[in-house]
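Student: Before anything else, here's the structure in question.
The values are calculated or read from the model by the stated rules, or taken from the named source; none is laboratory data. For clarity, every value in this text was computed on a predicted model and none was experimentally measured. Here the Cβ positions follow ideal geometry from the backbone for every residue, glycine too, while neighbour counts run over all protein chains shown.
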Amino acid sequence: MPTALITGITGQDGSYLAEFLLAQGYKVIGMVRRTSTINFDRIRHFQEDVEIVQGDLLDQMSLISILQEYQPSEVYNLAAQSFVPTSFTQPVLTGEFTALGVTRVLDAIRIVDPTIRFYQASSSEMFGKVQEVPQRESTPFYPRSPYGVAKLYGHWITINYRESYDIFACSGILFNHESPRRGLEFVTHKITNAVARIKLGLDSELRLGNLEARRDWGYAPDYVRAMWLMLQQDTPDDYVVATGETHSVQEFVQEAFGFVDLDWEKYVVQDPKFYRPAEVDLLVGDPAKAGERLGWEPSVSFGELVRLMVQADLEAWERRLKQAAALDQ
Ligand code: NAP
Ligand code: GDD
């Protein structure tokens, strides 16, 4: 039974990757940082099947000790400060987690066991002000946020450790991927959650920032499969993972409100509070290399993604309303 360590197991991707690896027969070790209140919402349903261990990307010794104790053959580094607006207000912290954190994990691997295979969660945010459409592995980078800059450091340090120490290290350049487990501050889940609440009479407006921005949105469970595939190849490499389709925030809004037969223009308010100091206007990836070498392709279309997220939020809010009504009786 192979052993895999996931940093960031409590996040959207970590939870799906853990489920995927368990289904492949892995022993899964999930690293979590110490918090005053435990938040295992995304992993509670399979918590018994994984081993949770405390560690932090800021603490080198914790990473070394975990590798020594559990001896994983694969490490998936998904932990990061992943919200772009927070990277503008907390740029130094973002650099510590999202950039230097990668070096700490790689150095722990170099010291403890350089045969461990390593996956780094890189991002299409590195393309930023895009230099080519669509973006592929060879497209020059031009990050537009402290988060994008930090991820670019993580990408290059992964390549550097591969070339310097012969570590099997891969950088997955993943475009936006969403699901009902997406954090509520990201635009897709913010929209679908609001649509469900408005439909059920719990809210009357949705305040958003830039509606013109375009993203290549895929379905998160598809994307964790690509992470695993990268580490099963004969040689380490870097891959773009995307759908190849781009849609604006406004198109997402229209699709989501349309699904519950509401006119989005009656509810959506544009609020400059949500504009960013520098914006990424257009992302659309070319997943040809992942298709040819990994046999990877997305399974969920844009329309299906929007519908499944709205549906999940509607069901969640209906459940909460029923529970509240039962308590009142
Ligand atoms: P997420 O939901 O924000 O999860 C981030 C995870 O990192 C959480 O488990 C969080 O733990 C953990 N974490 C944060 N700081 C840490 C620290 N100092 N030490 C240990 N753990 C720490 O992110 P996601 O959407 O699953 O994304 C996973 C990774 O892929 C991230 O690196 C993200 O930047 C990258 N990425 C995401 C996308 C996307 O569209 N989702 C696209 C490209 C790249 P807590 O639960 O304690 O907060
Ligand atoms: N969050 C948010 N909230 N975004 C908004 C809003 C709003 O109210 N209104 C408009 N947007 C626009 C943002 O300006 C951005 O152009 C777009 O919606 C997407 O924003 P997010 O959903 O926050 O995602 P992101 O693209 O900035 O970053 C995500 O994808 C990256 C991959 O490209 C994150 O998951 C990153 O961690 C990931 O690397």
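Student: Is it the case that segment 26-47 has a residue that's in contact with a Lys or Arg (Cβ under 6 Å, 6 or more places away or on another chain) and of a type in the set (Lys, Arg)?
Tutor: yes
Student: On to the next question. Give segment 295-315 a look and list any residue that's farther than 22 Å from Thr246 by Cβ and crowded, with 19+ Cβ neighbours inside 10 Å, or say none.
Tutor: Those that are farther than 22 Å from Thr246 by Cβ and crowded, with 19+ Cβ neighbours inside 10 Å: Asp313, Leu314.
Student: May I pose another question? Quick one: would you say Ala312 is touching a residue at least 24 places away in the same chain (Cβ under 8 Å) and within 17 Å of Ser124 (Cα to Cα)?
Tutor: So Ala312 does not fit the description; no.
Student: Let me ask you something else. Within the group Ala150, Ala121, Ala79, which residue is surrounded by 23 or more Cβ atoms within 10 Å (Cβ to Cβ) and under 20 Å from Ser65 (Cα atoms)?
Tutor: On inspection, the qualifying residue turns out to be Ala79.
Student: Then there's this: Any chance you could count how many residues in segment 82-98 are within 11 Å of ligand 1 (Cβ to nearest atom) and under 14 Å from Leu152 (Cα atoms)?
Tutor: 7
Student: Going by the structure shown, is Gln24 in contact (Cβ under 8 Å) with a residue 40 or more places away in the chain, over 24 Å from Ile157 (Cβ atoms) and more than 15 Å from ligand 2 (Cβ to nearest atom)?
Tutor: So Gln24 passes the test.
Student: Could you list, in sequence order, all residues of segment 158-173 that are within 14 Å of ligand 1 (Cβ to nearest atom) and either under 25 Å from Thr86 (Cα atoms) or surrounded by fewer than 22 Cβ atoms within 10 Å (Cβ to Cβ) (or both)?
Tutor: The answer is Thr158, Ser171, Gly172, Ile173.
Student: I've got another one for you. Being within 20 Å of the chain's Cα centre (by Cα) and modelled with pLDDT of 95 or more narrows it down to one residue among Ser124, Ser138; which is it?
Tutor: Ser124
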